[in-house]
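Heads up: the structure comes next, in structure tokens.
Rule-based calculations on the coordinates, nothing more; no lab input. All figures in this text were calculated on a predicted structure; none of them were measured in a lab. When we count neighbours, we look across all protein chains shown, and the Cβ atoms used for this are built from the backbone with ideal geometry, even at glycine.
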Amino acid sequence: MKVLLIKDVYKLGRAGDVKRVADGYGRNYLIPQGLAVLATPGALKQAERIRAKAAAQRALLNEEMSAVAEQLANLKLAFSARAGETGKLYGSITSQDVANAIQAKTGLTIKRQQIDMQPLRALGEHTIRIRLTVDLIPEIKVVVYREGEAEPTLTPEAETSETPPATEVRASAEAEPPAEEATAEN
């Protein structure tokens, strides 16, 4: 089925684009939500007008959200979590956890659907993207550290050089003593 997008649709296209989509996706989601119409000859004549109107709305929205993007771009979040000897978390840090932390730290309400991330399941520093608009996607830093340790204070030089070796050294140092204890017990 060919549809003409009326609004920007994430991972599909921008307003005014003609896209071929699965019949069920178009019939059950895009058309009822008012995101698209069937690509008939009459609708295709309006495509340029839809593009121009959407570009103006997009520019206005980007201007409004630029202050929010600047505030988020400087944001660094830290989460403590229980982790195994290898640095793998027993649970995970989800997009909802990140959204709650952003709201607690800055007062901005971000939906979890706007956060592009898989659940974090390892210690270390992670970069997460937040979709404010189609064109405006700031990145934030999230640091996951072992529960019971001091919260890391990262400088730009320390982020790249100290984090991976410390994790490797800690994992190998923690892995050896249990093996020695096991031989002493036998």
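At-a-glance table
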item: Region 125-149 residues near the modelled Asn62 label - backbone nitrogen below 18 Å, point 7 Å along Cα→Cβ; result: 130-139
item: Using a Förster distance of 35 Å, the FRET efficiency for Tyr10-Lys88 (Cβ separation, nearest 0.05); result: 0.70
item: 16 Å cut-off, amide nitrogen to a point 7 angstrom out along Asp116 Cα→Cβ, residues in region 44-84; result: 69, 73
